[in-house]
1. For region 24-39, does any single residue satisfy the condition of being open to solvent by less than 100 Å² (accessible area, probe 1.4 Å) and not in a helix (DSSP H, G or I)?
2. I'm trying to understand the selection: among the residues of region 89-106, which are at pLDDT 75 or above, open to solvent by less than 100 Å² (accessible area, probe 1.4 Å) and either more than 16 Å from G73 (Cα to Cα) or assigned to a loop (DSSP other than H, G, I, E, B) (or both)?
Amino acid sequence: MNKLGILAAIVFVAIVVGCFVAIPYYNVWQQEMSGKAEFAKAEQNRKIKIEEAKANLEAEKLNAQAEIERAKGAAEAIKIENGSITPAYIQYLWVRQQSNLNDKTVIYIPTEANLPVLEASRNK
């Protein structure tokens, strides 16, 4: 029993000494792995932001192209109207714009005296 007890004590001391030696190395390794994980996450977030910025830039370019085409169309329409915007053309544009309104919208159209026609009876 004496040899077994001494052997157990030696193994126990070896395990304790091994823990004292291994734990600092494990802590350093764990922090290194944690740092690598944080770096990879930051790198991924940076790539996501770059892709979002590229998508926003592309959308703005397309919006600018659409605005240019709209302006070309308006310029062509003015050219067709002999280079001037007539009151009839302005009225046409106003009527065309009204197609976007819903059924609940009330529009007051002025008369010759610039007064709106009052609603005597209104369908609800």
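The values are calculated or read from the model by the stated rules, or taken from the named source; none is laboratory data. The structure presented is a predicted model; accordingly, all values stated were derived computationally and were not measured. Remember, those area values only see protein heavy atoms, side chains included, never the ligands or the DNA or RNA. Shrake-Rupley method; radii C 1.70, N 1.55, O 1.52, S 1.80 Å.
1. First, the residues of region 24-39 that are open to solvent by less than 100 Å² (accessible area, probe 1.4 Å): 24, 27-28, 30, 32-35, 37.
Still in the running and not in a helix (DSSP H, G or I): none.
No, region 24-39 contains no residue that is open to solvent by less than 100 Å² (accessible area, probe 1.4 Å) and not in a helix (DSSP H, G or I).
2. Passing the criteria: only V95.
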